[in-house]
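*Asks:* My questions all concern the structure below.
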Amino acid sequence: MDSNDDRIWPQDRSASRCDEGTKVQVTHVTQSTASSTAAPIEMSLPIEGMTCASCVNRIERFLNKTDGVVEANVNLATERATVRFDPALAGRTELVGAIEAAGYDVRPEPHTEASGAATAAEVDDGTAQRAVAQRAIGIKAIVSLVVAASIFLLVLLQDRLDLVPEDVNRLAMLPATFILFWAGGDFMRKAWKGAQHRTASMETLVAIGTLAAWSYSVVVTLWPELVVSAGIEPYAYYETAAVIIGLVLTGRWLEARAKSQTAGAVKALIGLQARTARVVRDGVEVDVPIEDVQTGDLIRVRPGEKVAVDGIVVDGVSAVDESMLTGESMPVTKRPDDEVIGATLNTTGSLVFRATRVGSDTVLAQIVRMVQEAQGSKAPIQRLVDLISSRFVPMVLTLSAVTFVVWLVFGPQPSLTFAMISAITVLIIACPCAMGLATPTAIMVGTGKAAETGILIRGGVALEQAGKIDTVIFDKTGTLTLGKPTVADIASTTGSSDLEVLELAAAVERSSEHPLASAVMDAAEQRGLDVAIADAFESDTGLGVRATVGHVVVAVGNRRHLAGLGIDTSALDAIADGLAASGQTVIFVARDGRLAGIIGISDPVKAEAAAAVRELKAMDIEPWLITGDSTIVAEAVAKQVGIGHVLAEVLPGGKSEKLAELQAAGRHVAMVGDGINDAPALAGADLGVAIGTGADVAIEASDVTLVGGDPRLVVSAILLSRQTMRIIRQNLIWAFGYNTILIPVAMGALYPVWGITIDPALAAGAMAFSSVSVVLNSLRLRRYDARPGAGSEQHEHAVASAAATPG
């Protein structure tokens with residue numbers, strides 16, 4: 001039998017990737033008295049007050065110092081901390097305490113499901129809260145800019161209004177002070193809070209810069225003789241302080257608007273779920289909220305309505321549009337005993353189904369949770385950003401102080417004013433926000449776009465790794481083939497009949513979960529055979545099975561299996577080879593040590609498989625087919641799809657060995673399989689890609705899950721990864737380049753030669769633009785069409801050019 005029969009049960013899949021850990025998001029965990037060896041759990045906490053990469057580093061540092069915390073990742077774009085910890089040593093109280101000790105707050109969350117996946121109502125509520133906060137920022141920005149413009153006009157028109165500078169300063173002081181402590185109050189409070197905890201952030205830079213300009217202006221206004229006696233014109237910088245706050249807040253407002261769009265995929269997914277369900281109770285149909293549906297309820301769905309939850313059809317026939325799940329535009333016909341998935345759209349007939357998964361157990365809820373986890377994760381490239389960001393704000397404060405001292409001593413007259421303005425400009429122009437947002441915003445958009453395409457990526461590590469792949473290993477059954485094998489031919493030896501061979505094989509295979517076993521059982525059922533119950537079932541991994549049927553010992557498996565049992569198969573070898581040459585998988589059936597017959601099982605190649613292989617080759621990615629099936633069958637399938645590298649009759653461990661051999665040769669290898677029998681290879685690959693269909697799409701223990709089973713999604717995943725990493729590199733080049741170039745200019749590096757300086761107001765505008773530009777660049781990914789077969793010129797061009805620009 002094909003070595004796909006690895007006899008690995010679905011519930012054992014997660015064990016193959018133990019390094020991933022068991023991921024469970026909760027919103028409240030109480031202190032446990034269990035032993036400290038308890039399995040780590042995961043909690044996601046929403047954080048208030050983060051503005052830059054320095055905030056991220058500080059919170060992570062405090063969380064990682066907390067007893068029981070295994071790992072803490074803080075994401076600036078999602079404004080969440082994801083913490084893995086030992087529940088015996090820490091709980092929510094300790095984690096919140098660590099975050100507050102770092103100087104930040106944890107927002108209360110309305111949902112309490114263990115899944116951590118928000119409902120549509122909760123997302124609406126969260127969106128409304130963010131809209132209110134965003135509106136408040138916008139109002140403060142507008143008022144600040146209006147006040148700044150008014151002060152500037154007052155200065156400009158002072159001669160026409162018969163005002164002297166002292167009069168202008170007095171008129172400007174009150175509105176400027178109001179702006180500083182009202183619109184800029186958040187900067188002041190956070191900077192003060194950070195100072196109490198001996199930390200500095202973006203707020204520190206803005207607060208010091210604006211306070212310096214305002215304080216100097218107050219001195220000029222109230223004690224002008226002090227500056228006049230020093231030979232300095234009594235000019236105040238109230239409009240500078242106001243415009244800095246206004247422009248920074250404008251940047252925050254634009255940034256918040258752009259960031260809200262990066263989470264569009266999760267909002268769209270959650271918005272797909274039905275709000276109500278028509279439950280049949282005691283023969284009466286009642287509309288109930290989706291939250292009240294229970295497992296086992298009978299639910300009717302009429303034409304044009306969404307399927308409320310996951311379930312099994314018990315009555316009716318209809319076509320269901322599953323494009324939200326699989327990306328496949330053609331509706332799928334559903335009959336009794338077929339599975340339906342919540343949030344899919346019923347198109348024609350009426351169905352009654354029994355709910356099997358509700359609430360956080362539905363496929364949609366699992367997909368939402370996976371996307372949320374992926375969007376909150378970090379890519380390895382983020383390590384460089386974290387390292388630099390942790391030292392960035394202290395470095396800027398130092399450079400600002402150096403700038404002030406140097407220009408105070410060597411600057412043009414009045415040197416005090418020149419030194420102060422230059423130091424303020426350095427503080428304002430520095431932008432740690434752009435560095436902090438460069439990677440997470442791109443990951444948010446990239447993983448969200450992938451989910452819309454039918455690709456579920458577990459996190460930033462997988463996203464980055466996918467772009468490096470240069471070798472793809474395909475399993476055969478269920479990956480390149482449909483995975484729905486059917487019995488096509490039966491041949492028997494003298495003394496046996498075809499029906500006897502099928503009946504014996506079915507009696508043994510009824511204890512197996514393998515697709516080939518299902519094909520045998522289906523064929524026996526279609527022929528109306530009364531299949532006996534086998535005893536003493538034994539499995540020989542990758543070879544076949546044995547059992548006792550009545551008083552007869554029956555062996556079912558591939559040629560090697562029977563040869564290992566000392567059974568001669570030569571009587572049917574020629575027929576078996578002919579069936580294998582046509583692409584059929586052949587299983588041999590023996591009774592009491594003698595060959596009884598063979599069964600040819602056909603599993604058609606997926607129509608999209610050849611296109612997937614062709615596109616991989618166009619990208620200079622080497623495809624392999626590694627299977628436990630016979631060499632003849634494997635080569636027949638490989639020829640159909642265009643794969644030149646074939647390794648057949650491989651035991652489960654052999655796949656991992658070949659994979660390791662390719663990796664040792666310097667190849668970056670992706671393993672594509674069905675996520676059940678290929679678990680060891682999926683775990684050992686640089687990128688494990690599981691082909692998922694139906695309700696198991698969100699539970700595969702892999703790096704990437706392809707929903708719907710289209711192998712062309714492998715190409716889409718690689719292309720999307722490369723495009724996302726390209727955007728991240730652009731963001732980082734911009735963020736680092738901006739600070740590297742403009743901070744020295746702000747310090748006055750160009751002044752001695754060309755007399756060029758930067759005004760603090762211009763610095764504030766540049767800083768705001770820097771952050772917004774990074775987010776807007778990431779949002780370009782939303783326009784990237786990665787769907788296979790969509791006729792997208794963008795997709796075709798990406799495939800054609802991928803070989804020239806790998807990774």
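*Asks:* Please list 3J(HN,Hα) in residue order for region 387-403, calculated via the Karplus relation 6.51 cos²θ - 1.76 cosθ + 1.60 where θ = phi - 60°; whole Hz, with x for glycine and proline.
*Replies:* For region 387-403, the Karplus curve yields 5, 5, 5, 5, 10, 5, 4, x, 5, 5, 4, 5, 5, 5, 5, 4, 4 Hz.
*Asks:* Right, another one. On a full-extension model of 0.36 nm per residue, what is the gain between L750 and R160, subtracting their alpha-carbon distance, rounded to one decimal in nm?
*Replies:* Numbers: separation 590, 0.36 × 590 = 212.40 nm, distance 3.61 nm.
Difference between extended and current length: 208.8 nm.
*Asks:* Along region 525-530, what does the Karplus equation 6.51 cos²θ - 1.76 cosθ + 1.60 (θ = phi - 60°) give for ³J(HN,Hα), rounded to whole Hz, x for Gly and Pro?
*Replies:* 5, 5, 8, x, 6, 8
*Asks:* A further question on this structure: Relative to the compact-globule scaling 2.2 N^0.38 Å, provide the ratio for the alpha-carbon radius of gyration of region 734-785. If you can, show how the numbers build up before the last one.
*Replies:* Details: Rg = 14.5 Å, N = 52, 2.2 N^0.38 = 9.9 Å.
Ratio of Rg to 2.2 N^0.38 Å for region 734-785: 1.47.
*Asks:* Using label points projected 7 Å from each Cα along Cα→Cβ, tell me how many nm separate D167 and D568, to one decimal.
*Replies:* Simple spin-label model gives 12.2 nm for this pair.
*Asks:* Quick check: with the 1.4 Å probe, what order do Y751, Y237 take by accessible area, largest first? All intermediate terms of the calculation are to be shown ahead of the outcome.
*Replies:* On the way: Y751 70, Y237 40 Å².
Ranked from most to least accessible, the order is Y751, Y237.
*Asks:* With every protein chain in place, what's the accessible area of W223 (1.4 Å probe, Å², nearest 10)?
*Replies:* Solvent-accessible area, nearest 10 Å²: 120 Å².
*Asks:* Rounded to the nearest 0.05, what FRET efficiency do A268 and I733 have when you use their Cβ-Cβ distance and R0 = 30 Å?
*Replies:* On the way: r = 30 Å, r/R0 = 1.01.
Using R0 = 30 Å, I get an efficiency of 0.50.
*Asks:* When Rg is the radius of gyration of the Cα atoms in the chain and Rh is its Kirkwood radius, what does Rg/Rh come to? Display every interim value, and only then the final one.
*Replies:* Details: Rg = 33.0 Å, Rh = 30.2 Å.
On the Cα set of the chain, Rg over Rh gives 1.09.
*Asks:* Follow-up question, since we're still on this one. Assuming R0 = 22 Å, can you tell me the calculated FRET efficiency for the pair I575 and V553, based on Cβ-Cβ distance, to the nearest 0.05?
*Replies:* 0.40
*Asks:* Using only DSSP helix segments of four residues or longer, with each worth -39500 (n - 2.57), what per-residue ellipticity at 222 nm results for the chain after dividing by its residue count and rounding to 500? Intermediate values should be presented prior to the final figure.
*Replies:* On the way: 27 runs with 388 residues, N = 807.
Using -39500 (n - 2.57) per qualifying helix, the result is -15500 deg cm²/dmol.
*Asks:* Mind checking which of A149, L482, T362 is farthest towards the positive end of the chain's charge dipole, using Cβ charges of +1 (Lys, Arg) and -1 (Asp, Glu) about the Cα centre?
*Replies:* My answer, from the dipole projection, is A149.
*Asks:* A further question follows. Distance in nm between label sites at K639 and Q663, each 7 Å beyond Cα in the beta-carbon direction?
*Replies:* Each label point is offset 7 Å from its Cα along the Cβ direction, giving 3.4 nm.
*Asks:* Near K617, which lysines are there with a Cα under 17 Å away, not counting those fewer than 8 places off in the same chain?
*Replies:* K468, K639
*Asks:* Next question, about the same structure. Give me the net charge for the shell around A191: Cβ to Cβ below 14 angstrom, other residues only, Lys and Arg +1, Asp and Glu -1. Working shown, then result.
*Replies:* Working: positive: R58, R189, K190, K193, R198; negative: D186, E203.
Value of the local net charge: +3.
*Asks:* So if each residue of separation counts as 0.36 nm, and I subtract the Cα-Cα distance between I741 and E285, what length gain in nm does that give? List each step's numbers first, then the result.
*Replies:* Values: separation 456, 0.36 × 456 = 164.16 nm, distance 6.82 nm.
Length difference between fully extended and current span is 157.3 nm.
*Asks:* Continuing with this model, one more query. Report the full-extension gain for the segment I312 to Q294: residue separation times 0.36 nm, less the Cα-Cα distance, to one decimal in nm. Intermediate results must be reported in sequence, preceding the final value.
*Replies:* On the way: separation 18, 0.36 × 18 = 6.48 nm, distance 1.38 nm.
Extending this stretch completely gives an extra 5.1 nm.
*Asks:* Let me ask another. Plugging the Kirkwood radius over Cα pairs into Stokes-Einstein for region 394-439, at a temperature of 4 °C and a viscosity of 1.567 mPa s, what D comes out in µm²/s?
*Replies:* Working: Rh = 11.2 Å.
My calculation gives 116 µm²/s for D.
*Asks:* Accessible area, 1.4 Å probe, largest first: how do L595, L89, L647 sort? It would help to have the intermediate numbers written out before the result.
*Replies:* Details: L595 25, L89 80, L647 55 Å².
My answer, sorted largest first, is L89, L647, L595.
*Asks:* Which ³J(HN,Hα) values, rounded to whole Hz and listed in residue order, are derived for region 133-142 from phi using the Karplus coefficients 6.51, -1.76 and 1.60 in 6.51 cos²θ - 1.76 cosθ + 1.60 with θ = phi - 60°, glycine and proline given as x?
*Replies:* 5, 5, 5, 5, 4, x, 5, 4, 5, 5
*Asks:* How many nm is it between the label spots at A149 and S350, if each spot is 7 Å from the Cα in line with the beta carbon?
*Replies:* Roughly 6.2 nm, to one decimal.
The values are calculated or read from the model by the stated rules, or taken from the named source; none is laboratory data. None of the values given here were measured: they were computed from a predicted structure. Note that each Cβ is placed from the backbone with ideal geometry, even for glycine, and that neighbours are counted across all protein chains shown. The area values use the complete protein model at the heavy-atom level, side chains included, leaving out ligands, DNA and RNA. Shrake-Rupley method; radii C 1.70, N 1.55, O 1.52, S 1.80 Å.
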